[in-house]
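The values are calculated or read from the model by the stated rules, or taken from the named source; none is laboratory data. Bear in mind that the values here come from a model prediction, so they are computed numbers and not experimental data. Quick reminder, even Gly has a Cβ in these numbers, built from the backbone with ideal geometry, and neighbours come from all protein chains shown. Keep in mind that these areas ignore ligands, DNA and RNA; they rest on the heavy atoms of the full protein, side chains included. Shrake-Rupley method; radii C 1.70, N 1.55, O 1.52, S 1.80 Å.
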Amino acid sequence: MASDQVEDEFLGFSDDEGDDTKSDSDYDDDEATQNAESEVNAHQIGDFEHNQQLPDLNEVGQEYAHECEVGPQHTSGISDNHSVPFLFDLNMPAQQEFPPSPIHQTETEQNHHKPRTPRINNELRLEILLFLLLRKEKHSDELIHGTNRQAVIKFGYTRKTIRLIWQRALAHKAAMDSYFYDSKYHNCGRKRIQVTHESIASIGMGDRTTIIDLARMLNLSPTTVWRMVKRKQIKPHSSPLNPGISEECKMARMKWVLGLLMDYSIPNDPTYYSMYDFIHIDEKWFYLTQKSQRVYLANNEPFPHRKEKSRTKIPKFMFMAAVARPRWGQDGKCEWDGKLGIFPFTDAVAAKRTSKNRVKGTIETKPIKSVNQIATRAMLINYLIPAIKEKWPPHEGEKVIYIIQDNAKAHILQNDQEWQQHYKQDGFTLILTQQPANSPDCNILDLGFFRSIQSLMHKKMPKTVEDLSGAVTEAYNELHAKTLSNVWMSLQYVGNEILKHKGDNNYQLPHNKKKILEDEGNLPEQVKAPRWAVNECKQLVDEWRENQ
């Protein structure tokens, strides 16, 4: 007790302030002490009211510190009520005599920036289970002592996580069930809004042409509907305008596809011909520019200004393209790209008079005014036949080639008198055939080749009609042979769709993942047709012929 009293006196505390206990004398002097405190407080309050200057606490602390060094003891009640001496400067930050050791710091202070342990995935959960199974005691479901600690050190997860994985495996074993290591993480969080197919299909087509309209009809926000589109719960579709198909046209389409099947393969294993002796030709208008061209500009780049005399009078040329099926070697290299050429229906005409654009007599490229049978015949005889004789692979055997053209009136038939004089040349026998009417999907060029050429041509941004002819030719030559080969494969799959729909065109163009099949080495050269569809279509065609 003496040591406590000495320590309290050294720090400037009296017996009333040293500890929470009171002595007998303390109880006797309580009333006098309270009276003294009330007098002192009243005196201080009176001083504040008169705005008297307060003493400097730093000076008071120094005086009391000096008195403590001398050693007098103040035992009176009034002196005990004075302020406690300050042994430090209030204007200076507090200094710790003994800074805390980093060993005694809390986990929050030490790991304030520690990255969070990543969520355990299914593969790692299975790996942990295999680690535990290899360290299981024989003839028991208990783990070898120290296994959990080794798993914690190796995988970086807590003992609780390791123990739950093992207990879950034991529960599956007791239930005689296979181990299911998938987590229930997908069940947490806010649940997605569910929209049934019936609720979307019941809305009229005109009320769901945009995301905002569809969201209003479903009583949802446009952002929610947009997320459903990204998750492929709602499928956007651009509806093309297809040609009308009559019953007679349906029968013609079915007969056309059945004619592409090898006779000996029907009906057990219907397979398409390899089509290496086919040439598809077709015509297409290529415009100098588009009405609307999308480009991406820099932040301060000015907008490009394009102009023509009229949006309906954009310069254009008609071209005839001819393609065959590319040949590929055993090593996967292209031996022949199948491109026979693309030829414009143009004439070189001399200018009749001088103008601000050119001098009289300047040779200009002008489109043919009318692409009729005469122009088509001249194109086939003067351009297509020489290209076939020049570019056809010389190692081919019998050179009987079928030239397939669309069913337009401008084309010539095989029995044309002038064509009969040229269809046999240098061992080539060229036979003209027509595809079914209203069937652009039965032609390689309309099926996908022309669109690829057009996209490449517009990237070149031709300025004049002379540049247009060169841009189309360059785009035709630059297109990869694999693209043309894939379109020939698509033609066979389209034939399957025609058979499945009984000659109608109410189907979507098939996408059979040709790139994936090619990487796996499973891309067929000749596609097989569904047996049931072939038999049904043959029966329909036979019945139609009998009724005719």
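If the segment from residue 196 to residue 303 were pulled out straight at 0.36 nm per residue, it would be longer than the present Cα-Cα gap by 34.0 nm. Computed over protein heavy atoms with a 1.4 Å probe, the accessible surface of region 138-271 works out to 75 Å² per residue. Solvent-accessible area of region 386-468 (1.4 angstrom probe, protein heavy atoms only): carbon and sulfur portion equals 47 percent.
The per residue volume of the convex hull around the alpha-carbon atoms of region 373-467 is 151 Å³. Distance between the C-alpha centres of region 319-368 and region 289-314: 26 Å, rounded to the whole angstrom. Dipole check for region 310-387: with +1 at the C-beta of Lys and Arg, -1 at the C-beta of Asp and Glu, and the Cα centre as origin, the magnitude is about 700 Debye. For the residue pair residue 355 and residue 316, what label-to-label distance in nm results when each label sits 7 Å from Cα along the Cα-to-beta-carbon direction? Taking the two extended label points, one gets 2.0 nm. Here residue 153 sits with roughly 120 square angstrom of accessible surface, probe radius 1.4 Å.
Taking all protein chains together, 296, 157, 179 sort by accessible area into 296, 179, 157, largest first [probe 1.4 Å].
Counted residue by residue at 0.36 nm each, then reduced by the alpha carbon distance between them, the extension gain from residue 219 to residue 179 reaches 10.1 nm. Stretched out straight at 0.36 nm per residue, the stretch from residue 142 to residue 227 would grow longer than its current Cα-Cα span by 25.8 nm. Annotation for region 129-163: trypsin sites (Lys or Arg not before Pro) lying in DSSP loop with at most 13 further Cβ atoms inside 10 Å of their Cβ are 138.
Accessible surface for residue 188 stands near 80 Å², nearest 10, in the context of the full protein assembly shown (1.4 Å probe).
Taking the DSSP beta bridges with both ends in region 370-449, the antiparallel portion is around 25 percent. In this label model, residue 420 and residue 364 are separated by 4.2 nm, measuring between points 7 Å along each Cα→Cβ vector. Rounded to the nearest 5, the antiparallel percentage of DSSP beta bridges internal to region 398-548 is 25%. For residue 263, the solvent-accessible surface computed with a 1.4 Å probe is close to 120 Å², ligands and nucleic acids excluded.
Between residue 268 and residue 515, the distance separating the two model label sites (each 7 Å from Cα on the Cα→Cβ line) works out to 3.9 nm. For the residue pairs 154/184; 356/463; 291/313; 500/528; 136/160, the C-alpha atoms sit more than 20 angstrom apart in 154/184. Under 20 Å from a label point 7 Å along Cα→Cβ of residue 389: give me every residue in region 424-441 with its amide N that close. Counting only backbone N, you get 424-432.
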